[in-house]
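Each reported figure results from applying straightforward, stated rules to the coordinates on display, with no laboratory input. Quick caveat, the model's predicted, so the values are computed rather than measured. Virtual Cβ from ideal backbone geometry, glycine too; neighbours counted across all protein chains shown.
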Amino acid sequence: MSLVKLLVLLAVAMLAALPWVVGSYLVTVMIFIFFYAYLGQAWNIVGGYAGQLSAGHAAFVGIGGYASALLSMRLGLSPWIGMWIGGVLAAALGAVIGYLGFRFGLRGFYFVLLTVAFAEICRVIALNVDAVGGALGLYITFTGNPRQFQFQDNRAYYYVALVLMLAATAVVREIERRRFGAYLTAIRQDESACEALGVDTLRVKMLAMILSSFLTGLGGTFYAYYLFSLQPNAVFGIPLSVEIVIRPIVGGAGTVMGPLLGSFILSPLAELSRTYLAQSGWTGVHLIVYGLLLIAVVLFLPQGAYPALRRLARRRA
Amino acid sequence: MDPTLVGQGLLSGFLFGGVYSLMAVGLTLIFGVMRVVNFAHGDMMVWGMYLAWLLSVRAGIDPYLGFVVCAGALFLLGLVIQRGFVERIVDAPHEMQILLMLGVALVLENAALVAFGPDPARVRSPLSQGTVWIGPLFVDVARLLTFGLAMVLTAALWLFLTRTELGRSMRAAADNPYGARVIGADVRRVYAAAFGVGAACVGGILVSVAESMGAVFLSPSMKELVSFGLLIAILLFRPAGLFGRTAS
């Protein structure tokens with residue numbers, strides 16, 4: 001067994017043991033770290049590896065969450081099944097956005113605008129259609145029944161979020177090792193050259209978008225059943241899309257560890273400032289910090305923190 | 001469908017469209033010259049509006065006069081952002097530019113939230129109390145004034161771009177930055193001025209209530225759908241804009 005594998009196993013074992021050692025607040029913070037790392041990892045496939053900057057990934061969270069919540073409330077379908085339907089619906093929307101964007105050759109900020117426009121349309125529809133809760137949103141009654149994706153113990157959510165994060169990371173690592181991953185990186189670096197070499201870039205980008213939106217949609221169910229409420233402005237809004245995008249960017253977009261590192265840096269920061277600063281009326285402060293971090297990353301670490309750390313480690317060795 | 005209602009919607013939409021177009025002119029100026037999308041445009045506008053509000057509440061300056069100060073302040077803000085950040089990423093990939101401007105937008109927006117709080121503020125001007133009736137349709141004096149101001153500023157900008165040395169250099173730099181440098185235009189200064197003027201345009205915006213045809217035909221909150229639908233359609237079918245020539 002290689003050293004890297006051993007270290008990874010050790011880290012996973014430590015994370016698995018953690019909730020039995022630390023207090024409940026830290027468990028909550030860890031849940032947010034895992035969950036946003038998961039969403040960032042899902043975004044990473046299309047936004048990081050393929051370099052197609054989607055700024056509307058919140059739409060997939062929203063669709064996934066709304067689908068499983070509504071299926072459970074109206075038809076009594078367990079969210080454990082509903083989450084897959086939510087994922088498929090999110091992937092369908094991802095396919096539509098991807099097809100329009102890629103087929104019509106929208107690049108750079110044109111693609112950004114397209115993704116934002118679709119997410120905003122979802123938000124406005126969710127706000128105005130009373131059948132899906134309208135402006136009030138959806139509230140899920142707490143039953144504590146594990147079959148309904150609800151748990152009495154915060155630690156259960158911890159393990160679900162941990163598994164989500166690890167699974168998405170395994171998927172991305174597998175992609176990176178395959179030909180598909182090489183195609184994605186090639187598209188990011190020089191799409192025209194990639195196409196000239198005979199890669200069906202439309203198909204590759206579509207696959208990346210569908211996989212990414214599917215995984216993000218699965219995350220929507222966790223969001224709904226961890227927070228017990230879905231508000232159109234919160235789940236479809238631009239702020240959530242920013243939260244999803246910023247972690248992989250800060251950590252290192254297009255790397256396996258980037259979204260995790262980004263989330264371990266940013267999520268505690270966001271959580272702390274939300275807990276301590278928001279109470280004293282400093283509501284926007286964590287977003288100012290985000291803004292400053294984004295500016296700093298673009299100007300000084302355009303590839304993100306993880307590649308910078310690796311370079312540093314290599315220089316030491 | 002009540003024809004008066006439709007006429008009223010058209011008129012309001014048209015007048016407010018003038019204000020939007022001024023904002024868009026500023027955005028286009030920056031984009032046209034530097035190929036950088038100013039994602040912080042709306043957030044700069046927020047500061048312009050709060051400045052107008054501060055001037056009117058604290059110093060008693062009528063917002064229709066205060067806009068000169070606001071435009072000047074926003075020019076400076078634009079200059080700082082251009083020299084401090086944008087200048088370094090003019091040649092960077094789109095993604096990096098977008099992220100940088102997003103960062104600037106987050107800082108500006110939330111700094112305003114921290115500074116002024118979440119409660120809405122209203123700018124009142126004695127000039128804006130009345131309404132004018134045109135047949136069965138009515139117009140806010142405020143909206144009419146704002147529309148007129150927007151038109152005057154747009155015309156002034158057009159004169160600046162076509163008649164002055166700096167304006168001409170700006171157009172030259174937009175067309176071909178290398179060529180502009182060859183003939184002796186200080187492209188760096190031109191960029192800074194373009195960003196400043198672009199930001200100053202939104203400094204003039206004072207009143208913010210949007211109404212458009214979408215509100216008449218659909219429920220008021222669904223009107224955003226029309227805007228976004230239109231945006232998607234234009235992105236797909238006329239990416240160079242409604243009147244733009246498609247790049248060959």
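Averaged over peptide A:118-127, how many Cβ atoms belonging to another chain are found within 10 Å of each residue's Cβ? Please report the intermediate quantities before stating the final value.
Numbers: counts 2, 1, 5, 7, 1, 2, 8, 2, 0, 3.
Counting Cβ atoms of other protein chains within 10 Å of each residue's Cβ and averaging gives 3.
Give the peptides A:253-263, A:89-99 in descending order of average Cβ contacts within 10 Å, highest first. Walk me through the numbers before you get to the answer.
Working: A:253-263: 25.9, A:89-99: 21.4.
The packing order, highest mean first, is A:253-263, A:89-99.
Ignoring everything except DSSP H segments at least 4 long, calculate the 222 nm mean residue ellipticity for the protein assembly as shown; use -39,500 (n - 2.57) per segment, divide by total residues, nearest 500.
On the way: 24 runs with 398 residues, N = 565.
The per-residue figure over the protein assembly as shown is -23500 deg cm²/dmol.
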In Å³ and rounded to a whole number, note down the convex hull volume per residue for the Cα atoms of the stretch A:25-316.
140 Å³
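Could you line up A:T115, B:T164 from fewest to most neighbouring Cβ atoms inside 10 Å?
Values: A:T115 26, B:T164 11.
In order of increasing Cβ crowding within 10 Å: B:T164, A:T115.
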Shielding by other protein chains, A:291-303, mean Cβ within 10 Å
6
Which ³J(HN,Hα) values, rounded to whole Hz and listed in residue order, are derived for the stretch A:136-148 from phi using the Karplus coefficients 6.51, -1.76 and 1.60 in 6.51 cos²θ - 1.76 cosθ + 1.60 with θ = phi - 60°, glycine and proline given as x?
6, x, 10, 10, 9, 6, 7, 10, x, 8, x, 5, 9
If you place +1 on the Cβ of every Lys and Arg and -1 on the Cβ of every Asp and Glu, how big does the dipole about the Cα centre of the stretch A:25-316 come out, in debye to the nearest 20?
760 debye
Out of A:V132, A:A234, A:V285, whose Cα points farthest toward the positive end of the dipole of chain A (charges: +1 Lys, Arg; -1 Asp, Glu; placed on Cβ)?
A:V285
Place the peptides B:2-9, A:101-108 in order of packing, highest mean first, counting for every residue the other Cβ atoms within 10 Å and averaging per peptide.
A:101-108, B:2-9
Highest mean first, what order results for B:131-140, A:42-51 on Cβ atoms within 10 Å?
A:42-51, B:131-140
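Diagonalise the Cα gyration tensor of the stretch B:62-173 and give the resulting equivalent ellipsoid semi-axes, square root of 5 times each eigenvalue, largest first, whole Å.
On the way: eigenvalues 216, 109, 35 Å².
In descending order, the three semi-axes are 33, 23, 13 Å.
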³J(HN,Hα) across the stretch A:166-172 via Karplus (A = 6.51, B = -1.76, C = 1.60, θ = phi - 60°), whole Hz, x for Gly/Pro?
5, 5, 4, 5, 4, 4, 5
Table column - 3J(HN,Hα) (Hz), the stretch B:38-53, Karplus curve with 6.51, -1.76, 1.60, x for Gly and Pro
7, 5, 9, 4, x, 6, 5, 4, 4, 5, x, 5, 5, 5, 4, 5
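With a sphere of radius 15 Å drawn around the Cβ of A:G94, what net charge do the other residues whose Cβ falls strictly inside it have (Lys, Arg +1; Asp, Glu -1)?
Details: positive: A:R103, A:R203, A:K205; negative: none.
Local net charge: +3.
Can you work out D for the protein assembly as shown in µm² s⁻¹ from Stokes-Einstein, where Rh is the Kirkwood radius over C-alpha pairs, the temperature is 10 °C and the viscosity is 1.306 mPa s?
Calculated translational D: 62 µm²/s.
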Per-residue mean of other chain beta-carbon atoms within 10 angstrom of the beta-carbon, peptide B:107-118?
4
For the stretch B:3-210, what is the relative contact order in percent, using Cα pairs closer than 8 Å and at least 6 residues apart in sequence?
41 percent
Just report the Cα centroid separation between the stretch B:140-158 and the stretch A:35-107, whole Å.
43 Å
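With 10 angstrom as the radius, rank A:F111, B:F67, A:F228 by how many other C-beta atoms surround their C-beta, starting from the fewest. Could you put the intermediate results ahead of the total?
On the way: A:F111 27, B:F67 24, A:F228 13.
Ordered from fewest to most neighbouring Cβ atoms within 10 Å, A:F111, B:F67, A:F228 come out as A:F228, B:F67, A:F111.
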For the stretch B:32-82, what are Rg and Dmax over the alpha carbons, in angstrom?
12.4, 39
Which of B:M49, B:M44, A:M14 has the fewest other C-beta atoms within 10 Å, and how do the rest follow up to the most?
A:M14, B:M49, B:M44
